[in-house]
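The values are calculated or read from the model by the stated rules, or taken from the named source; none is laboratory data. All figures in this text were calculated on a predicted structure; none of them were measured in a lab. No Cβ is skipped: glycine too gets one built from the backbone with ideal geometry, and neighbour counts run over all protein chains shown. Protein only, heavy atoms only, side chains kept; ligands, DNA and RNA dropped before computing areas. Shrake-Rupley method; radii C 1.70, N 1.55, O 1.52, S 1.80 Å.
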Amino acid sequence: MSVLEGKKIVLIITGGIAAYKTASLVRLFMKRGCEVQVIMTPKAHNFITPLTLSTLSKKPVYTQFFEGNTGEWNNHVDLALHADYLVVAPATSNTLSKMASAEADNLALATYLSAKNTVFFAPAMDLDMYKNPYNQENIKKLQQKGDILIPPNKGELASGLEGEGRMAEPEEILDFIENYIRKELIFYKKKLLITAGPTYEPIDPVRFIGNHSSGKMGFEIAKAAEKLGAEVTLVSGPTCQKLSHYSSIKRIDVMSSEEMYQKVTEHYQSTDIVIMAAAVADYRPETVSKTKIKKNEESFSLPLLKNKDILLELGKTKSNQFLVGFALETNNEEENALTKLNKKNLNMIVLNSLQDKGAGFSYDTNKITILDNKGGIEYFDLQTKEKVAENILKSIHERIKT
Ligand code: PMT
């Protein structure tokens, strides 16, 4: 999933020949799931039509402060504040100079000057213009203010000369912006190992011991972690949950507690943060029948063996990992969660209780309390599992920072 998914982009197009490439740029933003508002300077109309851009962005394109026929005001402040990111592409020498000296003689510049969010600018001009000390000074000024330069390419220019000044290609602009945003994310490059779902402990080829976990909680944590820049490995028991748009999550499907133990320990040493949301079976049948067990007897007993406690084992060999467990309780909730936190050498535990309506197995919602190994405790209301996942990751981040 792109870090740009759902983001609001204001694309400012100024009057240079590279403006013709912005049709592709708009398409790329749209494909990433962005909402794109195009603003053109009057001179940009010489290079590409507003109709092309409004068709691609599925929105009217603005140029004037007022619409001629209706007198409707295009509020530059609202346009600027509405956006997550402003992108000025191509940024001509003329517009760069006005941006750096706070001139607001068109809607595009007034919007730029009202923006509080991150601004990317992709210069496009002839090589000597680009080298010109005044342009270089303006670029520096903008960078000092916090705007982000998308460097131009070297190559053939509209003048026929060769050199630095070609606007970066639309794909390069997209990659640049995505990489920039990714690096700002709180879990950028952090390795997260997450478990989800139940485990199935086979009795015979037909039957198993399992539980009601749907995998929703663990999957939501994995998705939220990926959105925050983490490199996620998700070890999941049997579930019908999907990760359609999250191609960077490494999913490992397992069946039994022993398989989950093997996969988790395989990845443990290279992991920064472990979150065990899986409902792991505590016991497994002592023997697994190769054939279906017949129901000949009136009663039937099944000798069980204790499974390894995966989290307990991880706690014993913990080095720098931040270890997070879940506690699913029905009574003496906080006390039991604290016992698990200490016994398993965890940094944090997420308590959910089956006493709370809408919490625990299978619901789309959960109600959690977070306890940590420094005595901290945080209570949360009933929320969607998506929101719960975000809160868990936020809590982990706050504890890792300090
Ligand atoms: O999947 P959903 O339908 O969305 O439901 C979510 C959930 C209720 C399964 C989830 O929120 C949850 O509470 N998961 C942990 C359930 C559980 O097994 O809790 P526990 O209190 O029995 O175990 C404590 C911790 O030890 C857990 O992190 C568990 O993963 C871990 N454990 C338990 C047993 C075992 N043999 N090995 C373990 O690592």
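Values as computed for the structure displayed
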{"quantity": "Using distinct alpha-carbon pairs, which all enter the 1/r mean, Kirkwood radius of the stretch 309-348 in Å", "calculated": "10.4 Å"}
{"quantity": "For residue 107, net neighbour charge (Lys/Arg +1, Asp/Glu -1) across residues whose Cβ lies under 12 Å away", "calculated": "-3"}
{"quantity": "Per-peptide average of other Cβ atoms within 10 Å, ordering 108-115, 310-317, 342-349 highest first", "calculated": "108-115, 342-349, 310-317"}
{"quantity": "Cut-off 14 Å between beta-carbons: net charge of the residues surrounding residue 31, Lys and Arg +1, Asp and Glu -1", "calculated": "-1"}
{"quantity": "Residue pairs, from the table 145/385; 21/98; 141/190; 242/367, whose Cα atoms sit over 29 Å apart", "calculated": "145/385; 141/190"}
{"quantity": "Filtered trypsin sites (Lys or Arg not before Pro), the stretch 365-400: DSSP coil and at most 10 other beta carbons within 10 Å", "calculated": "374"}
{"quantity": "Alpha-carbon radius of gyration plus Dmax, which is the widest Cα pair, for the stretch 1-112 in Å", "calculated": "13.2, 41"}
{"quantity": "Nearest-ten-degree value, helix 133-145 long axis tilted from longest Cα axis of the chain", "calculated": "30 degrees"}
{"quantity": "In nm, spacing of pseudo-spin labels at residue 342 and residue 297 (7 Å Cα→C-beta vector)", "calculated": "4.2 nm"}
{"quantity": "The stretch 1-97: GluC sites (Glu not before Pro) in DSSP loop, at most 16 other beta carbons within 10 Å", "calculated": "5, 67, 72"}
{"quantity": "Length released on extending from residue 255 to residue 317, taking residue separation times 0.36 nm less the Cα-Cα span", "calculated": "19.9 nm"}
{"quantity": "Ratio Rg/Rh, restricted to the stretch 199-259 and using Cα atoms, in which Rh is the Kirkwood radius", "calculated": "1.04"}
{"quantity": "Net dipole in debye of the stretch 295-351 [+1 Lys, Arg Cβ; -1 Asp, Glu Cβ; about Cα centre; nearest 20]", "calculated": "400 debye"}
{"quantity": "Neighbour net charge for residue 147 - beta-carbon separation under 11 angstrom, K R +1, D E -1", "calculated": "+3"}
{"quantity": "Of all accessible heavy-atom area on the stretch 8-183, the percent that carbon and sulfur account for (1.4 Å)", "calculated": "51 percent"}
{"quantity": "Cα-Cα pairs of the stretch 277-377 separated by more than 21 Å (percent)", "calculated": "49 percent"}
{"quantity": "Mean Cα-pair separation over length for the chain, i.e. relative contact order, pairs under 8 Å, 6 or more apart, %", "calculated": "11 percent"}
{"quantity": "FRET efficiency, residue 207 to residue 262 (Cβ-Cβ, R0 22 Å, nearest 0.05)", "calculated": "0.45"}
{"quantity": "Packing-based order for 288-298, 254-264, 149-159, using average beta carbon neighbours within 10 Å, highest first", "calculated": "254-264, 149-159, 288-298"}
{"quantity": "Calculated FRET value between residue 114 and residue 175, using beta carbons and R₀ = 35 Å, to 0.05", "calculated": "0.80"}
{"quantity": "Zone of residue 129's modelled label, taken as backbone nitrogen in the stretch 81-123 under 13 Å from a point 7 Å along Cα→Cβ", "calculated": "90-98, 123"}
{"quantity": "Equivalent ellipsoid semi-axes, the chain, via Cα gyration tensor eigenvalues times 5, rooted, Å", "calculated": "55, 21, 20"}
{"quantity": "Radius of gyration and maximum dimension Dmax of the stretch 8-183, Cα, Å", "calculated": "15.1, 46"}
{"quantity": "Per-residue [θ]222 nm for the chain (sum of -39500 (n - 2.57) over DSSP H runs n ≥ 4, rounded to 500)", "calculated": "-10000 deg cm²/dmol"}
{"quantity": "Förster-model FRET efficiency, 35 Å R0, residue 282 and residue 31, C-beta, rounded to 0.05", "calculated": "0.15"}
{"quantity": "Test item: Cα-centred dipole of the chain, Lys/Arg +1 and Asp/Glu -1 on Cβ, debye", "calculated": "520 debye"}
{"quantity": "Inter-site label distance for residue 69 and residue 270 at 7 Å from Cα along Cβ, in nm", "calculated": "6.1 nm"}
